[in-house]
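Notes follow the structure.
The values are calculated or read from the model by the stated rules, or taken from the named source; none is laboratory data. Remember, predicted model here, so these are calculated numbers, not experimental data. Using ideal geometry, Cβ is built from the backbone for each residue, glycine included, and neighbour counts are taken over all protein chains shown.
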Amino acid sequence: MLKTIAFIFLRLIATLLAITFLTFAMVALLPGDPVDTILGTGPRTDEQVSSIRGDLNLDDPFLIRYVSWLGDAVTGDLGDSYITDQPVAETISQRVPVTAQLAIMAILIAVAAAIPIGVLGAYKQSKWQDSTSSGAVQVALSIPNFIVGIFLIWLFAVQWNLLPASNWNRISDGIGANLQSAIMPSLALALGTAAVFSRLVRSDMIGTLQENYILSARAKGLSDRYILFRHALRPSSLSLMTIVGISFGALLGGTVVIETLFAIPGLGFSLINAINGRDIILIQGITVFIAVMFILINTVVDLLYAVLDPRIRRS
Amino acid sequence: MATTESNIDTQYLVVPGGTIVAPVDDFVVPSGVKPRRKSAFGVFREMPIVVKLGVFWLFLIFVGAIYAQLDVRVFNGSLPLADPNLQLNNFNPATGEFGTATPLESPSWAHLLGTDALARDTFSRAVHGSWVSVTVAVVSVTCGVIVGGVLGSLVGFVRGKTETALMAGIDVLLAFPALVLLLALISIFEVRDLFVISFVIGLLSIPAYMRVSRANSLAISNREFVVAAQAIGTKKLTILWREIIPNVMPTLIAYAMVAAAGVIVVEGALSFLGLSVQLPTPTWGNMINQARRDIKINFGQVLYPALILTFTVLALNQVGDFFQRRSAHRGSSL
């Protein structure tokens, strides 16, 4: 048990070092002078140039620059954007809650939809209910999320005029208004995720339903519904938890597209804005932040798995 | 001889639960007689109807992509397909006349999928757009299958420290959300060339291919025929080349189709964000993005490229799943 946890932590540190190094190298190894990239081709003063060279320690060797950048990053200083003059860390901390809300809502919707569909598929295996839901799941898996998003906009905003197509309302503007602007983007993110989840629940549960303890529960005369949701679903919750963790990373990528589509001021949208404005420092900061979040979430899932699964816990 | 003439695959009994049991007779393959491989047409006939439709659709897309490129590169636009970038309501220097089309037309015989906001022929743009998707898919699959397939088979067979080190590196790369890494790479280096974008996507997809091929190579390395080859002193490289890789490939190619679907979606998302190839080159993603501004007037212009993209992804997933099931079946009967 301790060995597993120690291994997970070692791997975490190695991965974090590698990821930060890669992100840093990507920017640092840009062809040409970084000052040109940052300032663009517009007019510049010597003062600007020397202040950038000083900020980025451009006169130091590459490895030393990496170490000092990493040191700053660990203490929450990801540098300042040269376009907006705002600290990158400040931009990120303003944007994160929005993206987190979308991702969490999407996961909740996906789990809520996937469990009944997956359970139904396993319970009615090879019957028409199963083939219909499997077919629907296949289609849902194949529709890119931005297409789902546009379709939702067309349906709910253009045809029925029920929901706003853009205009993000923060939670401080009232829960109702906030949910109104958050429901379409989270649905768009949730569809593909729900398909992945329900596939997993179905195949997991088909295995579980063949176990002896299910047979004995049936022999005791428990109702099918009770057996399905109380006895058979429990072992699947572990694998479901793992895939929820993994999907979080995929969702962070998905939010980039969805936030741009719905003009939501989250992390992904500001990444796209940074890209369009060639705000290198901000691109670097957001990229490294998303990657680190992704790794941390995966590690937490691994740890929980090690703690919760008796088979791993005992070994 | 009758047993060797007919197809080996069909003679295995599938018992409920998915395990495959072979009749005892079939374990005795007469020496010197290789079980006949099914022809491509034979495989096609055995497909369920949905998969057949998928193959047919993919074939159409492929032909469309080649046709569009021939039109541009060889025939200078003289093949019967509208110029994808010509604004059909404006003065046309080639004919010396003003076009008669209007922006955002509905489908008609003259313009099969109508026209977009700049009065360009949407059908032609969709056909030309397929070239981008096909290129991205083909380049990344080639990178993945060749580099990822060979490296994965190698480390799965050789094991040892090389494997540990390589797979740890792979884990690090897989720990990055691919779309974000791709965005950062493409934006920082300002890449707009189709082949460079395809290649970057291809490089990023290698780790996943390596994982799949390594897992299969691990399983195959323990099979009797590999042990037998080792016992008679076959060189390791020969075993890898003649025993391991040919048996890893069917599963890997099935995976490649599903991965290609993912890659096409990623390129679609990039185009949609305006970060893929330079405008006005048509791609399905940027067609959707441009048309969404006029969603209130003409939803069709969003719908058609969206449907084409979705059908392509669905078709690749279905065909990939079919081959995956088939190779799993074949693998257990090896």
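Below are the figures for this structure:
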read-out: Subset of segment A:263-283 (residues that are more than 8 Å from chain B (Cβ to nearest Cβ) and either within 18 Å of A:A165 (Cα to Cα) or under 17 Å from the mean Cα position of the chain (by Cα) (or both)); value: A:A263, A:I264, A:P265, A:G266, A:L267, A:G268, A:F269, A:S270
read-out: Residue match in segment A:42-59 (condition: within 14 Å of another protein chain (Cβ to nearest Cβ) and of a type outside the set (G, A, S)); value: no
read-out: Unique match (being assigned to a helix (DSSP H, G or I), away from chain A (no Cβ under 14 Å) and closer than 22 Å to A:G254 by Cβ) among B:S213, B:S217, B:S198; value: B:S198
read-out: Candidate set: segment A:138-183, residues that are more than 23 Å from B:N289 (Cα to Cα) and part of a loop (DSSP other than H, G, I, E, B); chosen: the one nearest to the other protein chains (Cβ to nearest Cβ); value: A:N169
read-out: Segment A:152-195, subset among the aromatic types (F, W, Y) and surrounded by fewer than 18 Cβ atoms within 10 Å (Cβ to Cβ), residue farthest from B:A259 (Cα to Cα); value: A:W160
read-out: Selected residue [away from every other protein chain (no Cβ under 14 Å), over 30 Å from B:L279 (Cα atoms), surrounded by fewer than 24 Cβ atoms within 10 Å (Cβ to Cβ) and in contact with a helix residue (DSSP H, G or I) (Cβ under 7 Å, 6 or more places away or on another chain)] from B:T162, B:T135; value: B:T162
read-out: Verdict on A:T260 being of a type outside the set (A, V, I, L, M, F, W, C), closer than 28 Å to B:R293 by Cβ, part of a helix (DSSP H, G or I) and at the interface with chain B (Cβ under 8 Å from one of its Cβ atoms); value: yes
read-out: Residues of segment B:183-195 satisfying the condition of being crowded, with 21+ Cβ neighbours inside 10 Å and more than 9 Å from chain A (Cβ to nearest Cβ); value: none
read-out: Selection status of A:I246, more than 8 Å from chain B (Cβ to nearest Cβ), crowded, with 24+ Cβ neighbours inside 10 Å, on the phi < 0 side of the Ramachandran plot and within 17 Å of the chain's Cα centre (by Cα); value: no
read-out: Sole exception among (1) surrounded by 12 or more Cβ atoms within 10 Å (Cβ to Cβ); (2) over 22 Å from B:S271 (Cβ atoms); (3) more than 31 Å from the chain's Cα centre (by Cα) for B:P103, by number; value: (2)
read-out: Hey, B:S153 within 24 Å of B:S217 (Cβ to Cβ), of a type in the set (S, T, Y) and more than 13 Å from every other protein chain (Cβ to nearest Cβ) or not; value: yes
read-out: Tally of residues being of a type in the set (D, E) and more than 24 Å from B:T283 (Cβ to Cβ) across segment B:168-222; value: 1
read-out: Wholly within segment B:245-334, helices (runs of 4 or more DSSP H) carrying at least 2 residues that are under 27 Å from A:A136 (Cα atoms), of a type in the set (S, T, N, Q) and touching a Leu at 6+ places or on another chain (Cβ under 7 Å); value: B:300-332
read-out: Filter result (touching a residue at least 60 places away in the same chain (Cβ under 8 Å) and at the interface with chain A (Cβ under 7 Å from one of its Cβ atoms)) within segment B:276-315; value: B:L309, B:L314
read-out: Condition met for B:T238 (in contact with a helix residue (DSSP H, G or I) (Cβ under 6 Å, 6 or more places away or on another chain), part of a helix (DSSP H, G or I) and either more than 10 Å from chain A (Cβ to nearest Cβ) or modelled with pLDDT under 90 (or both)); value: no
